[in-house]
1. Mind checking which of V217, A54, L185 is farthest towards the positive end of the chain's charge dipole, using Cβ charges of +1 (Lys, Arg) and -1 (Asp, Glu) about the Cα centre?
2. With r as the distance between the Cβ atoms of Y69 and R107 and R0 = 30 Å, compute the FRET efficiency 1/(1 + (r/R0)^6) and round to 0.05.
3. If neighbour count is taken as other Cβ atoms inside 10 Å, put T64, T294 in order from fewest to most.
4. For a quick check, take a GNM of the chain with Cα springs below 10 Å and name the residue from A320, A108, A220 with the largest mean-square fluctuation.
5. Using alpha carbon centroids, what distance separates region 181-226 and region 113-165, in Å?
6. Counting other C-beta atoms within 10 Å, which of H103, H74, H226 has the fewest, and how do the rest follow?
7. Compute the convex hull volume of the Cα atoms of the chain, divide it by the residue count, and report the result per residue in Å³ as a whole number.
8. Ranked by Cβ crowding within 10 angstrom, fewest neighbours first, how are S204, S135, S244 ordered?
Amino acid sequence: MARSILAACAAIASCFGGALAQDGRPENPVAEGLYGPLDMYPGSALYSKPIEVAPGVWSAIGATQPATYENGGHNNNLSFVIGDNGVLVVNGGSNAALAEALHDEIRAVTDKPVLYAAAENGQGHAMLGMSYWKSQGVPVIAQTDGADVFAEDAYEILDRMKTVNKEVGDGTEVAEPDQTFDEELVLDLGGVTAQLVMFGPAHSPGDMSVIVPERNVIIAGDMAFHVRMPPIFEDTDTAGWLESWELFREEAEDRIIIPGHGGPTDFATVDAGTRVYVEFLRAEVQKILDADGTLQDAYEIDQSQYKHWHTYWELAARNAGRVFETMEFE
Ligand SMILES: [Zn+2]
């Protein structure tokens with residue numbers, strides 16, 4: 001649902017019939033290049049070529065855009081970690097073509113087999129490409145809540161992806177995880193450990209991070225954003241996210257961070273790109289609630305300080321509305 005609204009917003013300039021404070025909105029921010037190039041890796045299904053973030057830890061950084069045909073639905077980070085025994089893949093990507101393209105990149109840097117594929121949550125761009133990994137005999141892992149929400153909506157998510165990605169989506173099927181965990185799962189990759197950790201409610205059900213202590217890296221998943229505006233979905237628990245953030249902080253503060261969206265960075269950057277924004281929005285909505293204001297007032301919150309963030313035009317007003325609708329009942 002949330003993603004289809006996002007796609008529609010990109011296409012029709014405004015989802016809210018002009019009721020929102022969207023003055024100066026560009027006609028089509030994505031096509032106009034406001035959110036970066038449409039594709040950075042022609043010849044590959046991937047949006048960009050993987051980079052080595054730390055020894056043996058790689059990430060193909062996704063477009064900080066809504067999913068489009070041009071970016072192949074590669075709008076989150078697809079990572080892999082190489083140990084002596086084999087490789088852990090983090091995220092399936094939006095479709096099987098992306099997973100297969102990532103596999104080509106893995107083969108180009110190691111002859112070790114892929115041992116596991118883990119999904120950062122239950123969203124399409126974490127889960128749908130898992131059908132490729134399953135076809136390769138690779139076990140798929142997710143946090144329990146992520147697996148549950150994916151199972152509920154999988155066919156709708158698949159249809160939506162195919163509408164955007166057209167023939168690139170061919171061959172992608174619904175494939176549910178083989179293994180789930182609640183709080184933590186430790187994988188031994190041979191000389192390198194991957195700790196799959198759930199810090200608590202955050203951006204979407206089943207959000208988990210992967211800590212690689214030997215490389216001082218944390219693959220944060222959708223706990224952490226920068227460059228683009230974090231989307232608030234109907235099932236985003238912003239109060240819970242701020243609590244979980246403090247647990248995340250303890251693990252992430254001194255590590256290299258591969259966020260869910262945006263390139264590798266440090267804690268201060270994702271703190272500004274995630275927690276500070278969520279706190280700002282909640283504080284502004286609280287003021288409106290205290291003054292018996294309306295949903296319309298929430299849409300009109302001045303978020304112009306975040307105008308430089310990618311996806312601002314699609315998400316700012318909608319995020320404020322979502323926070324208002326949940327905080328009314330907190
Ligand atoms: Zn994401």
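1. A54
2. On the way: r = 26 Å, r/R0 = 0.87.
That pair, R107 with Y69, gives E of 0.70.
3. On the way: T64 22, T294 12.
By the 10 Å Cβ count, ascending, the order reads T294, T64.
4. The residue with the greatest mean-square fluctuation here is A108.
5. The two parts, judged by their Cα centres, are 17 Å apart.
6. Details: H103 20, H74 35, H226 25.
So the ranking, lowest neighbour count to highest, is H103, H226, H74.
7. On the way: hull volume 38.1 nm³, N = 330.
Residue-normalised Cα hull volume stands at 115 Å³.
8. Details: S204 26, S135 14, S244 20.
By the 10 Å Cβ count, ascending, the order reads S135, S244, S204.
Since every read-out is calculated from the coordinates, none of them should be taken as a lab result. Keep in mind the model is a prediction, meaning the values are calculated, not measured. Methodologically, a virtual Cβ is constructed for each residue, glycine included, from the backbone with ideal geometry; neighbour enumeration extends over all protein chains shown.
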